[in-house]
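Student: Quick one: the structure is below, questions incoming.
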Amino acid sequence: MDKVDFKKTLKELYVPQKKFAIINVPEMQFVMVDGHGDPNTAQEYQDAVEALYAVAYKMKFFSKKTLEKDYTVPPLEGLWWAENMETFLTREKSQWDWTMMIMTPEWITAEIFNETVKQVRKAKNPASLDLVRLEPYHEGLSVQIIHIGSYDDEGPVLAQMHSDFIPNNGLVENGKHHEIYLSDPRRVAPEKLKTVLRQPVRKA
C-alpha cells in the first residue's frame with residue numbers, strides 16, 4: 001500500500017521558497033477548531049490541538065484499514081486574526097483569535113469524520129472534541145514565504161510582506177493570516193523552527 005505524503009505531492013504549498021512568492025491555493029478540506037488567546041498559555045488552545053490530533057490520526061488509521069488508503073497526517077496549521085491587527089506585530093498574543101486545523105484528504109467524507117469522532121469520544125474524549133468540525137477552505141491567490149526561526153521573530157517578515165511585497169505587487173490583503181507549522185517545537189530549537197507564513201490576497 002502506497003503512503004501519500006502531502007508535503008511532497010503539494011510541495012508548492014508545504015515546502016515554499018525562502019523568498020516571497022505568489023501562489024494559487026486550491027480548495028482543500030480540514031478538520032478545524034476555533035478559539036481565542038495566547039497559544040503559549042491558553043488551555044483552550046492546548047485542548048483544541050489535542051482534539052484535532054486525536055481526530056486526524058483516528059481518520060488516518062480508519063482510511064488505511066477500511067479504505068486501504070494510507071497517508072501521512074499533514075502538519076498543524078493556524079488561521080490568525082485580531083480586532084486590532086497591530087497586535088501581531090507587537091506580539092500581544094492574548095488578543096489573538098485563531099482557527100487551528102489539519103488538512104484532510106478529499107476521500108475522507110462527513111460520514112467517516114462523524115464515525116471517527118464517535119470512536120475518539122469512546123477512547124479518549126478530549127475536552128474540545130465537540131468543537132472539531134470538518135469543512136472546506138479556499139484561499140485562492142496568496143503570498144507566502146518560509147520563515148526559519150522563532151515564532152516571535154516573525155514580526156519583521158510579516159511587516160515586509162504586508163507593507164512592502166503585497167502593495168508593491170498591486171495586491172491587497174483578502175483573508176486571515178495563515179501559518180503552517182512544519183517543525184515540532186517540542187523537538188526543534190526555536191532558531192531552527194520552519195513555519196510557512198501565508199496571506200490571501202486579491203488584486204488592488
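The values are calculated or read from the model by the stated rules, or taken from the named source; none is laboratory data. These figures come from a predicted structure and were not determined experimentally. Note that each Cβ is placed from the backbone with ideal geometry, even for glycine, and that neighbours are counted across all protein chains shown. Note: areas computed on protein heavy atoms with side chains; ligands, DNA, RNA excluded. Shrake-Rupley method; radii C 1.70, N 1.55, O 1.52, S 1.80 Å.
Student: Which of the lysines could be linked to residue 122 by a straight reach, that is with a Cα gap under 16 Å, when you skip same-chain ones fewer than 8 residues away?
Tutor: 58
Student: Keeping the other protein chains in place, figure out the carbon and sulfur percent of the accessible area of segment 65-188, with a 1.4 Å probe. Working shown, then result.
Tutor: On the way: 3080 of 6350 Å².
After summing per-atom areas, the C and S share lands at 48 percent.
Student: So if I place +1 on the C-beta of Lys and Arg and -1 on the C-beta of Asp and Glu, and nothing else carries charge, what would the dipole magnitude of the chain be about its Cα centre? I want it in debye, nearest 20. Present the calculation step by step, with values, prior to reporting the outcome.
Tutor: Working: 26 positive and 30 negative charges, 171 e Å.
Result for the chain is approximately 820 debye, rounded to the nearest 20.
Student: Determine the sum of side-chain charges near residue 114: Lys and Arg each +1, Asp and Glu each -1, restricted to other residues whose C-beta is under 14 angstrom from that of residue 114. Let's see the in-between values first.
Tutor: Working: positive: 58, 118, 121, 122, 133; negative: 111, 115, 130, 135.
Net charge in that neighbourhood comes out at +1.
Student: Another question about this same structure. Select one label from (1) 29, 20, 16; (2) 30, 25, 16; (3) 25, 23, 20: the one whose number is semi-axes √(5λ) of the Cα gyration tensor in Å as derived from the coordinates shown.
Tutor: So the calculated entry is the one marked (1).
Student: While we're on this one: Considering the options 113, 32, 142, tell which one lies farthest towards the positive end of the dipole of the chain, charges being +1 on Lys and Arg and -1 on Asp and Glu at the Cβ, about the Cα centre.
Tutor: Going by the charge dipole, the pick is 113.
Student: On a 0 to 90° scale, report how tilted helix 43-62 is relative to the longest principal axis of the chain, with both axes built from alpha carbons and the result rounded to the nearest 10.
Tutor: Relative to the chain, helix 43-62 is tipped by roughly 50 degrees.
Student: Do any trypsin sites (Lys or Arg not before Pro) in segment 1-78 lie in a loop, going by DSSP, with at most 13 other beta-carbon atoms within 10 Å of their beta carbon, and if so which? Could you put the intermediate results ahead of the total?
Tutor: Values: sites: 3, 7, 8, 11, 18, 19, 58, 60, 64, 65, 69; in loops: 18, 19, 69.
Sites meeting the loop and neighbour criteria: 18, 19.
Student: Another question about this same structure. For segment 141-204, compute Rh as the Kirkwood radius over C-alpha pairs and then the Stokes-Einstein diffusion coefficient at 25 °C and 0.890 mPa s; write the answer in µm²/s, rounded to an integer. Display every interim value, and only then the final one.
Tutor: Values: Rh = 12.3 Å.
The Stokes-Einstein estimate is 200 µm²/s.
Student: Further, regarding this structure: For a quick check of your reading of the filter: which chymotrypsin sites (Phe, Trp or Tyr not before Pro) in segment 39-133 sit in a DSSP loop and have no more than 12 other Cβ atoms within 10 Å? Please list the in-between numbers first.
Tutor: On the way: sites: 45, 53, 57, 61, 62, 71, 80, 81, 88, 96, 98, 107, 113; in loops: 96, 107.
In loop regions of segment 39-133 (DSSP not H, G, I, E or B), the sparsely surrounded chymotrypsin sites (Phe, Trp or Tyr not before Pro) are 107.
Student: Continuing with the same structure: Please compute the Cα-Cα pair-distance distribution of segment 1-97 with 10 Å bins starting at 0, giving whole percents from short to long.
Tutor: Whole-percent P(r) values from 0 Å outward: 12, 33, 36, 16, 3.
Student: Taking Cα atoms of segment 60-136, Rg/Rh with Kirkwood Rh, to two decimals? Please report the intermediate quantities before stating the final value.
Tutor: On the way: Rg = 16.1 Å, Rh = 14.9 Å.
Computed over Cα atoms, the ratio is 1.09.
Student: Taking loop as defined by DSSP and a crowding limit of 13 other beta carbons within 10 Å, which GluC sites (Glu not before Pro) in segment 101-204 fit? Display every interim value, and only then the final one.
Tutor: On the way: sites: 106, 111, 115, 139, 154, 173, 179, 191; in loops: 106, 139, 154.
Qualifying residues, ordered by number: 106.
Student: Quick one: if you stick a label point 7 Å off each Cα along the C-beta vector at residue 36 and residue 7, how many nm between them?
Tutor: Label-label distance for residue 36 and residue 7, simple model: 3.4 nm.
Student: Can you tell me the orientation of helix 110-123 relative to the chain, as the angle in degrees between its alpha-carbon axis and the longest Cα principal axis, to the nearest 10?
Tutor: It works out to around 70 degrees.
Student: For segment 1-143, report the accessible area per residue in Å² (1.4 Å probe, heavy atoms, rounded to an integer). Walk me through the numbers on the way to the answer.
Tutor: Values: 7650 Å² over 143 residues.
Here the residues of segment 1-143 average 54 Å² of exposed surface.
Student: Further question: Quick one: of 3/192; 60/176; 93/194; 65/194, which pairs are farther than 30 Å apart, Cα to Cα? Walk me through the intermediate numbers first.
Tutor: Values: 3/192 27 Å; 60/176 27 Å; 93/194 20 Å; 65/194 32 Å.
In this structure, 65/194 lie more than 30 Å apart at Cα.
Student: Could I ask something else about it? Sum up the charges of everything whose Cβ sits under 13 Å from the Cβ of residue 125, counting Lys and Arg as +1 and Asp and Glu as -1, but leave residue 125 out. Working shown, then result.
Tutor: Values: positive: 58, 118, 121, 122, 124; negative: 47, 50, 130.
Taking every other residue near residue 125 into account, the sum is +2.
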